[in-house]
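What follows is one structure encoded as structure tokens, with my remarks underneath.
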């Protein structure tokens, strides 16, 4: 077989294995995921999984790392530096909410890793680099907003990032219990739009000077 064909076949097998692993880990967590199920989903030999990714923990780390890098790379593509500060921040809040909705497996993977006290995340230098870049991007937005007189001074970029993530993350991870407690369908289209607008308003009230809200 041609060497280029072998490389393409290997890349395609790895892609299918990662896609299958992402679905399995998102559904059952690290503890409940089964290598046999991943191999079957990917239509690949289990030996190939071990060959390309090592053991199940190593595979989970690869999937988790890719999930984090996917959202970090998508954030960079927003080109927020080209937008005025308030618009940039609103764009980020809107993006984060929509990303969670379109990629529910990201939330379940993060939940699973928190159960394991981030032992896989600790090993990833790539995620650390990407996360620092993201924090710096938000810090620059805050700095530009402060210099223009629109944002309050002294806002910590890390705290703001945590809040932006939390107001979307909590709503979605608690949507089933929330529907019972608050007696409403939290995933109805109108409810999701109402929540997005509330998230944007919350962040703007937190960051903007009163006269610019």
Checking 92, 78 in turn, the sole residue that is within 16 Å of residue 165 (Cβ to Cβ), in contact (Cβ under 8 Å) with a residue 40 or more places away in the chain and surrounded by 15 or more Cβ atoms within 10 Å (Cβ to Cβ) turns out to be 92
Heads up, the helices (runs of 4 or more DSSP H) in region 124-205 (entirely inside) with at least 3 residues that are crowded, with 18+ Cβ neighbours inside 10 Å and in contact with a strand residue (DSSP E or B) (Cβ under 9 Å, 6 or more places away or on another chain) are 125-147
Open item on the list: Any residue that is farther than 30 Å from residue 63 by Cβ and touching a residue at least 12 places away in the same chain (Cβ under 8 Å) - is there at least one of those in region 152-164?
Closed with: yes
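Here's the yes/no breakdown for (1) under 15 Å from residue 121 (Cβ atoms); (2) surrounded by fewer than 21 Cβ atoms within 10 Å (Cβ to Cβ); (3) in the same structural domain as residue 105 (by TED's automatic domain parsing):
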site: 24; (1), (2), (3): no, no, no
site: 28; (1), (2), (3): no, yes, no
site: 31; (1), (2), (3): no, yes, no
site: 36; (1), (2), (3): no, yes, no
site: 43; (1), (2), (3): no, yes, no
site: 47; (1), (2), (3): no, yes, no
site: 50; (1), (2), (3): no, yes, no
site: 63; (1), (2), (3): yes, no, yes
site: 67; (1), (2), (3): yes, no, yes
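The values are calculated or read from the model by the stated rules, or taken from the named source; none is laboratory data. Because the structure is predicted, anything quoted here is derived from the model rather than measured. We place every Cβ from the backbone using ideal geometry, glycine too, and count neighbours over all the protein chains shown.
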